[in-house]
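Please read the structure below before turning to the comments.
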């Protein structure tokens, strides 16, 4: 059976290569990435340039979104003509095309020092996956790496960012850009019944309705952790004397399972402690389409815990899991990982705040006071991609109630901070 493309997908795939940058921006599940992959495959078959780059927040995302792409990625399009290889410049897909052999490198670009991985490379093109999540220094270096290309080309996709996102003014408005807007109606394989189901879910949150249904650039009203600062709350190394390492987690099957590694430090000569979020395990069955058994999650979480212990050279004190996740706790116990019930604020009262709101206030204060810090993870699958992604959209509804969505990393971060707060801050 042949692949059925929507009119907009065909328009993108067949367009002339007459712009420096092509941007596909719109809602999730709008098929923009699939169109971009086929567009890029056509470019690779045409260009005389040999070296190219696919970039995402991390290397794993670059491979999943463009090389694999749910069975429609470059490795599937080119089939026997493509093979994963490695050379001095890194992992890449070697593709045999009518215009010669091409090397398509895939790398992460979300970190402060990501540009080091491409410095010195000469590229014909760059495909940016979720370009708004990439570090601006890396993006700008990518454009410099293609200056000498014979058929210079750049392709980017993203979900609608905030209207003031710097990628708009510093990238889209600077380049000669072809910008295409996408909505879920552009996806030829989503049925009307599924569209209605998605709409009925999104309509409960005005922000998500505007962003994920209409594909508009909007600022979510009532973002809960708007005080989080990617400069002030992120560090490349820990300060102070390490005191304790512990883990906090929230589990689900179709919902996301999120577990964080946390290290407490005591600042030299001070009675002040910091909570470093060192690493993050995260998997969403709903987002990936891969729903795992709790026994599988437990096995992967154990691997994550052991990796963190080896990486830090520290032994864990405890593993705190949401009390509602009984099956996950039991599976971990079977693997020799003993757990405690996480403090989920059920019994907390502070002034006029109760329960969840108490935990939210504490985490907000930890961010504002810079007591909560993300430790940069370089070349690791356990980075902070999903934490940062959630923190930008976890918001309140029109009644002021936290929306029970995009909050799995937010919940376990709250559990971790509850433990930290009651032991080291009170």
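The values are calculated or read from the model by the stated rules, or taken from the named source; none is laboratory data. These numbers were taken from a predicted model, which means no experiment stands behind them. Virtual Cβ from ideal backbone geometry, glycine too; neighbours counted across all protein chains shown.
Numbers for the structure displayed
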read-out: Flag for residue 228 being in a loop (DSSP other than H, G, I, E, B), surrounded by 16 or more Cβ atoms within 10 Å (Cβ to Cβ) and touching a residue at least 60 places away in the same chain (Cβ under 8 Å); value: yes
read-out: Set 20, 33, 47: member being surrounded by fewer than 18 Cβ atoms within 10 Å (Cβ to Cβ) and under 25 Å from residue 141 (Cα atoms); value: 20
read-out: Some residue of segment 21-30 being closer than 23 Å to residue 145 by Cβ and either in a helix (DSSP H, G or I) or touching a helix residue (DSSP H, G or I) at 6+ places or on another chain (Cβ under 7 Å) (or both); value: yes
read-out: Yes/no for residue 128 being in a strand (DSSP E or B) and either in contact with a strand residue (DSSP E or B) (Cβ under 9 Å, 6 or more places away or on another chain) or assigned by TED's automatic domain parsing to the domain that holds residue 55 (or both); value: yes
read-out: Options 418, 399: the member that is modelled with pLDDT of 95 or more and more than 29 Å from residue 129 (Cβ to Cβ); value: 418
read-out: Selected residue [assigned by TED's automatic domain parsing to the domain that holds residue 248, touching a residue at least 24 places away in the same chain (Cβ under 8 Å), under 16 Å from residue 414 (Cα atoms) and not in a helix (DSSP H, G or I)] from 282, 382; value: 282
read-out: Residue match in segment 393-409 (condition: surrounded by fewer than 21 Cβ atoms within 10 Å (Cβ to Cβ) and part of a helix (DSSP H, G or I)); value: no
read-out: Scan of segment 342-356 for residues that are surrounded by fewer than 15 Cβ atoms within 10 Å (Cβ to Cβ) and either modelled with pLDDT of 95 or more or part of a strand (DSSP E or B) (or both), ordered by number; value: 349, 350, 354
read-out: Residue in segment 31-56 that is modelled with the lowest pLDDT, counting only those that are more than 14 Å from residue 127 (Cβ to Cβ) and not in a helix (DSSP H, G or I); value: 31
read-out: Residue within segment 357-366 that is crowded, with 22+ Cβ neighbours inside 10 Å, outside the structural domain of residue 117 (by TED's automatic domain parsing) and outside any helix (DSSP H, G or I) present; value: no
read-out: Qualifying residue in segment 173-182 (condition: touching a helix residue (DSSP H, G or I) at 6+ places or on another chain (Cβ under 6 Å) and surrounded by 17 or more Cβ atoms within 10 Å (Cβ to Cβ)); value: yes
read-out: Per-region count, segment 57-72, residues at pLDDT 95 or above and either over 23 Å from residue 114 (Cβ atoms) or not in a helix (DSSP H, G or I) (or both); value: 0
read-out: Residue within segment 102-111 that is in the same structural domain as residue 187 (by TED's automatic domain parsing), in contact (Cβ under 8 Å) with a residue 40 or more places away in the chain, in a helix (DSSP H, G or I) and under 30 Å from residue 231 (Cα atoms) present; value: no
read-out: Of all residues making up segment 236-270, the number that are assigned to a strand (DSSP E or B) and either without any contact (Cβ under 8 Å) to a residue 12 or more places away in the chain or buried (at least 16 other Cβ atoms within 10 Å of the Cβ) (or both); value: 18
read-out: Check on residue 390, under 30 Å from residue 55 (Cα atoms) and without any contact (Cβ under 8 Å) to a residue 60 or more places away in the chain; value: yes
read-out: Filter result (surrounded by 15 or more Cβ atoms within 10 Å (Cβ to Cβ) and either in contact with a helix residue (DSSP H, G or I) (Cβ under 8 Å, 6 or more places away or on another chain) or in a loop (DSSP other than H, G, I, E, B) (or both)) within segment 163-172; value: 165, 167, 171
read-out: Every residue from segment 73-89 that is part of a helix (DSSP H, G or I) and within 24 Å of residue 289 (Cα to Cα); value: 74, 75, 76, 77, 78, 79
read-out: Odd one out for residue 319 among (1) in a helix (DSSP H, G or I); (2) surrounded by 15 or more Cβ atoms within 10 Å (Cβ to Cβ); value: (1)
read-out: Unique match (being under 16 Å from residue 408 (Cα atoms), modelled with pLDDT of 95 or more and assigned to a helix (DSSP H, G or I)) among 301, 305; value: 301
read-out: Of the criteria (1) under 21 Å from residue 42 (Cα atoms); (2) free of Cβ contacts under 8 Å to residues at least 60 places away in the same chain, which one residue 129 fails; value: (2)
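Residues checked against (1) at negative phi; (2) at pLDDT below 90; (3) more than 20 Å from the chain's Cα centre (by Cα):
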residue	(1), (2), (3)
131	yes, no, no
144	yes, no, yes
173	yes, no, yes
179	yes, no, yes
182	yes, no, yes
219	yes, yes, no
